[in-house]
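Since every read-out is calculated from the coordinates, none of them should be taken as a lab result. Computed from a prediction, not measured in an experiment: that's the story for all the values here. For neighbour counting, all protein chains shown are included, and Cβ atoms are generated from backbone atoms with ideal geometry for every residue, glycine included.
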Amino acid sequence: MYDLITFLVLVAVGYVAGTLAEKRHYRSINEREKALLHLPAMTMRHAHYPDDKVKSAELVYGSAVISIDYFKRLLAGLRNIFGGTVKSYETLIDRARREALLRMKEMAEGATVIINVRIETAAIGKKGNKKSIGCVEAMAYGTAVTLRQ
Amino acid sequence: MRYTAREPESNVNVTSTSPIREFLVLTGGLLGIVVGIYFLLGLSVDLIVPHISIGLESKMGAPFIQSLEGKEAGSEQEHYVQGLIESLQKRCARLPYQFKVHVHKASTINALAFPGGHIVVYTGLLEKVTSENELAFVLAHEMGHYAHRDHLRGFGRAIVLMTISALLFGSESGVSNMLAHGLNVTEMSFSREQETRADEFALEVLNCAYGHVAGATDFFEKIPKELDPGKFGHYFASHPQNRRRISHLENLIRSRGLPLAGRQALPETIRQTKN
């Protein structure tokens, strides 16, 4: 009985806290993306600028670790039984990758362009042999190129 | 080409969905499946029980017996009851079981039929019986449950799970043990018809073994009313149809003209529980 109460409390806390945290995070992501819109991040490996115009080219990166709440994990667990799109994990991955990109852009403040951008994702905090995902880390990295004016 | 910075209009990577709705749909589906399986199990008990071989039954019984073995094992009481049941089986009740008696120290006045021919007899029962005929009737009643395989049906739905687990994982597996421990065997329920059939079986065995049926109803009648009915297993006051069973037996004795004669005494040591 007490197990059930604990479980229900965890689900309720997970749902409320998780939803609030996600909303707030998305608001912050949207604002910062708008603010950093002037700095393009591109996946192409070469930017054809004349050598004398390039002031600097350096590695920039940003990483973010985001965890999923109890409710969403439960939902994903149910999804694991029936199969299908695990929608409850979508926002987790999306938030982690966009946050990582934003942090990379923040690191490259003042640069003209970021080229050769790559994003890597890793599941971290795995519990023993269990296949459950605790949280994900997304890492974005690229080369920030600054041009002489 | 000119680069114009611009935000994407929508996020294609996140499906806009109501997580609560998804949760309800998924749990609803899961519950539906569980309920469906529960009903199917109930339906399949009667289909499966006649097809369970004695060998498989012993396999299923093994996890139960592990927890019973060692207590009072090899005692004089156990030898005596074992001898009695073997002589009953040899002479009058040819059942394809290898019966094994386990005497258990408890005040419960009952005997239980476990899968695989393991009969648990509580010392409370041995203290109460006064004649060999009386004890023989109780044992023959249990054998009657074996003959009709009521002891398997008594488990209800769990027997289906136990069969599957014994077939798939064997009797030594954790799953089988877990199932066995999860079952409260003392609460195995028998239907009115099952008890009546076992009583009739026992009456026949008693008549065959002793040439008369004295002692058949002794045990039912002996139980004092002031005693806690919960202490008496499936023979006695816990059964509301107790009186009905006595009169049924008496009717049978009368209508078939079964003889009554003197009861055979029980060795005194059998009734005493060593402490």
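Table for the structure above
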read-out	value
Spin-label model distance (nm) - A:Arg148 vs B:Ser107, 7 Å beyond Cα toward Cβ	10.3
Fluctuation leader among A:Thr85, A:Thr43, A:Thr19 - chain A, Gaussian network, Cα springs under 10 angstrom	A:Thr85
FRET efficiency, 1/(1 + (r/R0)^6) with R0 60 Å, evaluated for B:Val25 and B:Arg94 via beta carbons	0.55
Karplus (6.51, -1.76, 1.60) ³J(HN,Hα), θ = phi - 60°, over the range B:191-201, in Hz, Gly and Pro reported as x	7, 4, 5, 5, 5, 5, 4, 5, 4, 5, 4
Lysine pairs meeting the criterion (Cα under 21 Å, 8 or more apart or interchain), as found in the range A:2-147	13
Modelled FRET efficiency - R0 35 Å, A:Glu58 with B:Thr15, Cβ distances, 0.05 increments	0.40
Förster radius 45 Å - calculated FRET efficiency between A:Tyr49 and A:Ala123 (Cβ-Cβ, nearest 0.05)	0.75
Sequence-separation-based contact order of the range A:2-147, relative, with Cα cut under 8 Å and 6+ spacing, percent	33
Choice from A:Ser63, A:Ser28, A:Ser88 showing the highest fluctuation, given a GNM over chain A with Cα pairs closer than 10 Å	A:Ser28
A:Leu37, A:Leu102, B:Leu266, B:Leu206 arranged by Cβ crowding within 10 Å, fewest neighbours leading	A:Leu37, B:Leu266, A:Leu102, B:Leu206
Which of B:Glu86, B:Glu142 has the fewest Cβ neighbours within 10 Å, and the rest in rising order	B:Glu86, B:Glu142
10 Å Cβ neighbours from other chains, averaged over peptide B:9-15	4
Taking A:His38, B:His79, A:His48 and counting other C-beta atoms within 10 Å, the order from fewest to most	A:His48, A:His38, B:His79
Neighbour-limited loop hits for trypsin sites (Lys or Arg not before Pro), the range A:59-149 (at most 11 other Cβ within 10 Å; DSSP other than H, G, I, E, B)	A:Lys127, A:Lys130, A:Lys131, A:Arg148
For B:26-34, mean number of other protein chain Cβ atoms within 10 Å	2
Inter-label distance for A:Leu37 and A:Ile5, nm, one decimal - labels placed 7 Å from Cα along Cα-to-Cβ	5.2
Pair B:Glu7, A:Thr19: separation of 7 Å Cα→Cβ label points (nm)	2.3
Those trypsin sites (Lys or Arg not before Pro) in the range B:81-165 that DSSP places in a loop and that have at most 10 other beta carbons within 10 Å	B:Arg94
Shielding score for A:77-89, defined as the mean number of other chain Cβ atoms within 10 Å	3
